[in-house]
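Okay, structure first, notes after.
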Amino acid sequence: MTSYCEYLRIHPEDTLNKQYHDDEYGFPLAEDAALLERLALEINQAGLSWTLMLKRKDNFHRAFEGFAVDKLAAYGEKDVSRLLSDAGII
């Protein structure tokens, strides 16, 4: 099995995964919004490629209002319906 770092050496054109690998993957997260974002992406990724999640990351950030915990905690039925109908997220 090829390691992720080896994958990036073999596929230098994959700038989306390279940026994530170099700037985010394995770095500790301390802010609530960053932790919640990572959790949401990981949960929604189940069974899908991580590349797909990276391509939709901005959509998730927009749909979940920057993952501001206070805003998300106040979500109601209208917000849930909006999220369920948002084709930009999973």
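The values are calculated or read from the model by the stated rules, or taken from the named source; none is laboratory data. The structure displayed is predicted, hence computed values, not measured ones. Backbone-built Cβ (ideal geometry, glycine too); neighbour counts: all protein chains shown. Keep in mind that these areas ignore ligands, DNA and RNA; they rest on the heavy atoms of the full protein, side chains included. Shrake-Rupley method; radii C 1.70, N 1.55, O 1.52, S 1.80 Å.
Filtering the range 59-90 to residues that are without any contact (Cβ under 8 Å) to a residue 12 or more places away in the chain and either closer than 24 Å to LEU16 by Cβ or surrounded by 14 or more Cβ atoms within 10 Å (Cβ to Cβ) (or both) leaves GLU65, ASP79, ALA87.
Results for (1) among the hydroxyl-bearing types (Ser, Thr, Tyr); (2) in a helix (DSSP H, G or I), shown as yes or no for each residue.
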site: ASP22; (1), (2): no, yes
site: GLU42; (1), (2): no, yes
site: ARG56; (1), (2): no, yes
site: ARG62; (1), (2): no, yes
site: ASP70; (1), (2): no, yes
site: TYR75; (1), (2): yes, no
site: ARG82; (1), (2): no, yes
site: ASP86; (1), (2): no, no
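Taking first residues from the range 14-25 that are over 17 Å from LEU41 (Cα atoms) and partners that are among the acidic types (Asp, Glu), no Cβ contact under 7 Å between residues at least 6 apart in sequence or on separate chains turns up. Of the numbered criteria (1) modelled with pLDDT under 95; (2) more than 15 Å from the chain's Cα centre (by Cα); (3) of a type in the set (Asp, Glu), the one GLU42 fails is (2). Restricting attention to the range 1-58 and to residues that are among the small types (Gly, Ala, Ser) and open to solvent by less than 80 Å² (accessible area, probe 1.4 Å), the residue that is nearest to VAL69 (Cα to Cα) turns out to be ALA33.
For the range 44-54, filtering for residues that are touching a residue at least 12 places away in the same chain (Cβ under 8 Å) and not in a helix (DSSP H, G or I) leaves 1.
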